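Single-structure report; data block below.
The values are calculated or read from the model by the stated rules, or taken from the named source; none is laboratory data. These numbers come from a predicted model, not from an experiment. Please note: Cβ atoms are built from the backbone with ideal geometry, for glycine as well, and neighbour counts cover all protein chains shown.
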Amino acid sequence: MELWFSEAQTKNISLQVRIKETLFMGKSEFQDVAVVDSYEFGRMLVLDGVFQTSTAEEFIYHEMIAHVPLFTHPNPKRVLVIGGGDGGAIREVVRHHAVERAEMVEIDGMVVEVSKKYLPEISEAMINNHPKLELKIGDGIQHMKEAENKYDVIIVDCSDPIGPGEGLFTPEFYRNVYKALKEDGLFVQQTESPFYHQELITYVSKEISALFPITKTYLASIPIYPSGLHCFTMGSKKYDPMEVDIDNMQRLETRYHNKEIQKSCFVLPNFVQELLKYLT
């Protein structure tokens, strides 16, 4: 008998993958957690029925949410990742020579433990207790309320704006992020699909641009996410990603990100520019 796992990406569209087996299924305090082994994407982490990452294509999302902001800031010594329980973002963060301390605050300890067991290639920094890494199982929203003038870069590696991730898309949260950053700090948040989540993207960009003098959206092609086209939104107090000296960037072995993509990802199709026209 064939086994299939489906994610309802909108009320009219679903992505369905054929799977070999279900490796884990449980319910944490916050959400349903599953890991399935699929034919097309390898092992996949699924939260509340939504595909989060897979061993076949995780490098795209994790490289883009980490390297783009870290190469935009000229000296990102202290970095915070909110969420990111699979460990992929923090794995990329600790590779940067400039980073001296990388904190990670993930609300769901089950996601961390399941990822360490079933997705070791993604969660290797957590498995190896990387010396730069400080992992805290706790509430990222509360963490932001208590932090001030502390971080050079904050990466909000959150799930969709429902359930545990809902509070990471509010004006209060963005004000606290601004407060937690140093005077030249910047942050990035994943902000969904420019095809299916246009209202969210416009809302987030307006809220961030009300606080940060530099607000930019950038894109990456991620196969398991709705529409295959995903966007990220950056708020920066000082540094413009279009002014990065790409020829002097640290050389990292990557599979998606490179020095040309560092800038070209900010070149937006006309329909996305139309969503953000109030920023120009």
Tally the residues that are under 22 Å from P74 (Cβ atoms) and more than 17 Å from the chain's Cα centre (by Cα), restricting the search to segment 152-178. 1
Subset of segment 169-191 (residues that are crowded, with 22+ Cβ neighbours inside 10 Å and either in the same structural domain as L15 (by TED's automatic domain parsing) or not polar (S, T, N, Q) (or both)): Y174, V177, L181, G185, L186, F187, V188
Which of the residues spanning segment 228-245 are free of Cβ contacts under 8 Å to residues at least 60 places away in the same chain, surrounded by fewer than 22 Cβ atoms within 10 Å (Cβ to Cβ) and not in a loop (DSSP other than H, G, I, E, B)? G228, L229, M242, E243
If you go through segment 48-64 one residue at a time, do you hit one that is more than 15 Å from L119 (Cβ to Cβ) and part of a loop (DSSP other than H, G, I, E, B)? yes
If a residue must be without any contact (Cβ under 8 Å) to a residue 40 or more places away in the chain, in contact with a helix residue (DSSP H, G or I) (Cβ under 7 Å, 6 or more places away or on another chain) and of a type in the set (V, I, T), how many such residues does segment 177-227 contain? 2
List the number of the failed condition for K277; all other conditions in (1) of a type in the set (D, E, K, R); (2) over 22 Å from V79 (Cα atoms); (3) touching a residue at least 12 places away in the same chain (Cβ under 8 Å) hold. (3)
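To keep it simple, each residue is scored yes or no on (1) farther than 22 Å from R175 by Cβ; (2) in contact with a Leu (Cβ under 7 Å, 6 or more places away or on another chain); (3) outside the structural domain of A66 (by TED's automatic domain parsing); (4) not hydrophobic (A, V, I, L, M, F, W, C).
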{"site": "S193", "(1), (2), (3), (4)": "yes, yes, no, yes"}
{"site": "H197", "(1), (2), (3), (4)": "yes, no, no, yes"}
{"site": "T202", "(1), (2), (3), (4)": "no, yes, no, yes"}
{"site": "K206", "(1), (2), (3), (4)": "no, no, no, yes"}
{"site": "L211", "(1), (2), (3), (4)": "no, no, no, no"}
{"site": "G228", "(1), (2), (3), (4)": "yes, no, no, yes"}
{"site": "T233", "(1), (2), (3), (4)": "no, no, no, yes"}
{"site": "K237", "(1), (2), (3), (4)": "no, yes, no, yes"}
Would you please list the contacts, defined by Cβ atoms under 7 Å and residues six or more apart or on different chains, that run from a residue in segment 254-265 that is assigned by TED's automatic domain parsing to the domain that holds S221 and closer than 9 Å to V68 by Cβ to a residue that is part of a helix (DSSP H, G or I) and acidic (D, E)? H257/E63
Yes or no: S54 surrounded by 19 or more Cβ atoms within 10 Å (Cβ to Cβ), at pLDDT 95 or above and small (G, A, S)? yes
Any idea which of (1) part of a helix (DSSP H, G or I); (2) in contact with a Phe, Trp or Tyr (Cβ under 8 Å, 6 or more places away or on another chain); (3) in contact (Cβ under 8 Å) with a residue 60 or more places away in the chain is the one L168 doesn't satisfy? (2)
